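*Asks:* To start, I am sharing the structure in question, which I have written as C-alpha cells.
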Amino acid sequence: MDPVKIAVFLAAFGLLLVIGRALSRASETHVALSLPRRSGTETPSGEPSPTSDRDPDPSALIGAEFGMPIPLPPVQRMATGGFNRPIFTNYYFAKTDLVSGPADPACFCDEFFLQMQDPESQHRWTTEFTIATPAGLRQVLDEGKFGSVYFETPVVIVSQWDLPLILHTVTEEATKIYRYNNGGGENPASSGTEQ
C-alpha cells in the first residue's frame, strides 16, 4: 500500500475522531428547532405552515425564481412502476442568498430547504439539510461557545461555496431516498457521496 494514502486516511480518521469527541461533549444545540419555515411549506401533519417572522428575506431569490443550474435527468416511470426521481419544485437557504452566496465562501453554515413533489400523487414535501464548510462548523462552535452541536438534519460538508455542487449533492441524495422509499433503489444509508 502507498504510505501517502495510509497517512491521508489516518489523518482524516483522526480529524473525524477529534470532531466527534468535541461534538459529543458538553451541551447540545438543536439547530433544526431554530430554523425558519417558508410560507407555503407543509408541517409534518401535511397542513400548510403559517407565515413566520423568521422566514428568509422575501427579497432574496429562491430556487423557483433562480432556476436549476445543474442538469437533471428527465422524470420517467421505471419498470417497477414508480418514478426515477421526484420533481424538484424549489430550494433556498435560511440565510444565504443564492446569487451572492455567503460573505466568506470558505466559512459558512446554513440550513438548506429542498422542496419536492411526487410525479404521480402530486404530494409535496420539504427536506432540510445543513450545508457547511469545516471552518463554518468551527465558527458555529466557537461563536456559541458550544461543546457540541446536534444537527437534526442531514449535514453536507463542502470545501467552499459552490451552488451547483451543493444542488448536485442534495438532489442526488433526495433521489436515492425517493427511489428507496418507492421500492426502486438501494438503501441510501449504505452509500455516501463524495465530490
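No value in this document is a laboratory result; all are computed from the given coordinates. Predicted, not measured: the structure shown is a model, and the values here were computed from it. For neighbour counting, all protein chains shown are included, and Cβ atoms are generated from backbone atoms with ideal geometry for every residue, glycine included.
*Asks:* Can you compute 3J(HN,Hα) from phi for each residue in the stretch 77-82, using the Karplus curve 6.51 cos²θ - 1.76 cosθ + 1.60 with θ = phi - 60°, rounded to whole Hz and x for Gly and Pro?
*Replies:* Those phi angles translate into 6, 8, 4, 6, x, x Hz.
*Asks:* Go through the stretch 149-157 residue by residue and turn each phi into a ³J(HN,Hα) via Karplus (6.51, -1.76, 1.60, θ = phi - 60°); whole Hz please, and just put x for glycine and proline.
*Replies:* 9, 9, 9, 7, 10, x, 10, 10, 9
*Asks:* Neighbouring Cβ atoms within 10 Å as the yardstick, rank Thr133, Thr153 fewest first.
*Replies:* With the fewest neighbours first, Thr133, Thr153 line up as Thr153, Thr133.
*Asks:* What is the set of long-range amide H partners of Thr89 at a cut-off below 5 Å, with H atoms built 1.01 Å from backbone N?
*Replies:* Counting only residues 5 or more places away or on other chains, the set is Gln115, Met116, Gln117.
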